Each structure stands twice: as structure tokens, then as C-alpha cells.
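K.L.:
Could you have a look at this structure, given as C-alpha cells, before my questions?
Read-outs throughout are calculated quantities, based only on the coordinates presented, and are distinct from any laboratory measurement. It should be emphasised that the depicted structure is a prediction, and the values quoted were computed from it without experimental measurement. Positions of Cβ are backbone-derived with ideal geometry, glycine not excepted, and every protein chain shown enters the neighbour counts.
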Amino acid sequence: MVLDDASAEFHDFFERHHAELARLAHMLTGEPDAAEDLAADALVELWHRWDRVRRADHPVAYARGVVANKARSRIRGAVRERRRMMLFRLHRPERVDDPDVAAVVDVRTALARLSFGKRACVVLRYALDLSEKETALTLGVSVGTVKSQTSKGMAELRRLLGTRTAGELVGREH
């Protein structure tokens, strides 16, 4: 197989630094299984920018920075996921003896027609009774986004279900 200069340089860089980058990812995340994936993702990103990377004063430092950023993103995502799971565990649904199955189906169908952001805000605010701040934290968005998406989501639900049914869905207006 004939490689051009850039491909040969990258291949050499990969061979010399892949293990180090994987160890760095492991140390940063504490997840041995994720370390290889993070290193591989970083190296793919480096390959896409190889012309810039190979001209850098310290290509290995650049690569380490890419791994560190990917590890930070993974950790932040894991923290957000844990927060979401904790919030869902803390807010267990109340038991309903005789649910109106037809209404439940209508509400679920209407919710499914909302965009994810609107649906998430409406469900977290009204079904789980989270505050705007808790909802923003859970979704990783601003409080203003929560207010806007909740308002727009409720307006769509009113249009889809009718004012009375949408009001019964939430039980109260926030």
C-alpha cells in the first residue's frame, strides 16, 4: 500500500501516540472501556484536521487537548444523565386507582407530536412538577428556554386536545 506523506505521517503519529492518548482518556474518565473509544474519536478528529495538526508546534499537546475535551464532554454528559435519573427517582408518580385510559392515550399521542424540547419541558414541569430551574438543569438549557418551550408546548397541547383537556393534563398552570 502506497501512502502519501500526510497519511504516512499520521500513521506514524497514530502508532507512537495512540496508547498514550488512551491512557490519558482512562485517567481522565476512570472508564477503561470508554478510553479506547475516546482515543479513537480524538484520532479521527485529528485526521480530519491533520494538515493543521502536523504544522502545530506541539502536535501531541494538541492531541492531548482533543482527548481532554472529549473526556470532559463525556463526564458532563454522564453527570447530566445521573442528575436526570436522580430527579426521576425522587419524583415517583402518584398512584391512580381508575385512570381514564382513553384520555391517557390521547395525551400520549398529543405529547408525541410535540418536538422533544417542548415535550421534555411540559413533562418535567407538569408531570414531574419540577421548577423551571430544576427543568433547566435537567435538560442543560436556560430557564428562559424552559419558559418558552413549556409555553409553546402547552399551546400546542391545547390546540391538539382542546383547552379543557390540556388544563386537566397539567392540573394547574405554572
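K.L.:
Report the calculated FRET efficiency for Phe116 and Trp47 (r = Cβ-Cβ distance, R0 = 35 Å), to the nearest 0.05.
P.N.:
Efficiency, from the Cβ-Cβ distance: 0.65.
K.L.:
OK, next. Set the Förster distance to 30 Å, then compute FRET efficiency between Ala8 and Arg76 from the Cβ-Cβ distance, nearest 0.05.
P.N.:
Calculated value: 0.25.
K.L.:
Assign unit charges at the C-beta atoms only (+1 for Lys and Arg, -1 for Asp and Glu), then state the dipole size of segment 1-54 relative to its Cα centre in Debye, rounded to the nearest 20.
P.N.:
My answer is approximately 180 debye.
K.L.:
Would you mind counting up the charge near Leu38? Only other residues with Cβ under 9 Å from its Cβ, with Lys and Arg at +1 and Asp and Glu at -1.
P.N.:
Result for the neighbourhood of Leu38: -2.
K.L.:
Show which lysines lie in cross-link reach of Lys147 when reach means a straight Cα distance below 21 angstrom and same-chain residues fewer than eight apart are skipped.
P.N.:
Qualifying lysines at Cα under 21 Å: Lys118, Lys133.
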